[in-house]
1. I need the full set of residues from the stretch 76-96 which are out of contact with any Asp or Glu (no Cβ under 8 Å at 6 or more places or on another chain) and hydroxyl-bearing (Ser, Thr, Tyr), in order please.
2. Using beta carbons and a limit of 8 Å, which pairs, at least six apart or on different chains, have the first residue in the stretch 180-191 and under 19 Å from residue 9 (Cβ atoms) and the second one β-branched (Val, Ile, Thr) and modelled with pLDDT of 90 or more?
3. If I ask for residues that are farther than 19 Å from residue 20 by Cα, modelled with pLDDT of 90 or more and among the hydroxyl-bearing types (Ser, Thr, Tyr), which ones from the stretch 43-82 would you list?
4. Can you pull out the residues in the stretch 107-130 that are surrounded by fewer than 16 Cβ atoms within 10 Å (Cβ to Cβ) and either aromatic (Phe, Trp, Tyr) or under 25 Å from residue 169 (Cβ atoms) (or both)?
5. I'd like to check something: does the stretch 111-129 contain any residue that is within 28 Å of residue 31 (Cβ to Cβ) and touching a Leu at 6+ places or on another chain (Cβ under 6 Å)?
6. So which of 121, 127 is of a type outside the set (Gly, Ala, Ser) and outside any helix (DSSP H, G or I)?
7. Being assigned to a helix (DSSP H, G or I), at pLDDT below 70 and among the hydrophobic types (A, V, I, L, M, F, W, C) is the filter here; which residues of the stretch 136-176 pass it?
8. Which of (1) under 18 Å from the mean Cα position of the chain (by Cα); (2) surrounded by fewer than 13 Cβ atoms within 10 Å (Cβ to Cβ); (3) modelled with pLDDT under 90 is the odd one out, the single condition residue 94 does not satisfy?
Amino acid sequence: MKWKIWYALFFAFTVAISAYFSPLWGLLISLILLYRKYTLVFAELLSLFVSYSVVFYFHHLPIFTYVLRAFLFIDLFLILSEYLDKVSVIGLTGERGVPLVVTLSYIPVFYEVATNVFFYRRARKMRFSIEEISRPILVEMVKIADDLYKSYTLKLYGNFTRKTEFRPSKQDIVPMILGVSALCLSLLIPISLVK
């Protein structure tokens, strides 16, 4: 499922606006969209629990709202990197959008490479060492970033015509519904973990 840039930006904007009223609804919707990355979701929920415990222990609960918003904005970037149609970004921005497309393409690939490195480390029963784990990830990421940049810059030269399509497809209805529902839920049922 890929979203055109207009509807993905509408989703990101409405969820970001809903975060200023009640960040919990936007965070829940973003975690639902990231359901395939269950280790990331688990790590995020665990870190939210730990941060809530620390903030509660030191009696600074109003800070936790900012923590929720920060995680929400990180989730929005991850959602856009997974669901955004990169062709619509290039169609809208031309060659100026190449760095954005490379960045958005880079995140899912990084997640896949890191998952594979951890899987092979466990399969070989190797000890946990940051240096041994980070070396193959770093080498692979530099190669992939270089390949992505070359492929997108080479793709732009030739018979490239900008084609911006405004009509939503069936897949573009999903981000609009989710964004509006996050905004409506945060306005109608404002859940605040901080009193």
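The values are calculated or read from the model by the stated rules, or taken from the named source; none is laboratory data. In this text the structure is predicted, and so the values were computed from the model without any measurement. For neighbour counting, all protein chains shown are included, and Cβ atoms are generated from backbone atoms with ideal geometry for every residue, glycine included.
1. 81, 83, 93
2. Final answer for the pair search is 180/14; 181/29; 182/14; 182/15; 182/29; 183/14; 183/15; 183/17.
3. Of everything in the stretch 43-82, those that are farther than 19 Å from residue 20 by Cα, modelled with pLDDT of 90 or more and among the hydroxyl-bearing types (Ser, Thr, Tyr) turn out to be 47, 51, 53, 57.
4. 107, 108, 118, 119, 120, 128 - these are the residues of the stretch 107-130 that are surrounded by fewer than 16 Cβ atoms within 10 Å (Cβ to Cβ) and either aromatic (Phe, Trp, Tyr) or under 25 Å from residue 169 (Cβ atoms) (or both).
5. No, every residue in the stretch 111-129 fails to be within 28 Å of residue 31 (Cβ to Cβ) and touching a Leu at 6+ places or on another chain (Cβ under 6 Å).
6. Working: 121 fails: outside any helix (DSSP H, G or I).
Answer to the selection: 127.
7. If the condition is that a residue be assigned to a helix (DSSP H, G or I), at pLDDT below 70 and among the hydrophobic types (A, V, I, L, M, F, W, C), then 154, 156 are the ones that fit.
8. In the conditions (1) under 18 Å from the mean Cα position of the chain (by Cα); (2) surrounded by fewer than 13 Cβ atoms within 10 Å (Cβ to Cβ); (3) modelled with pLDDT under 90, residue 94 misses (1) alone.
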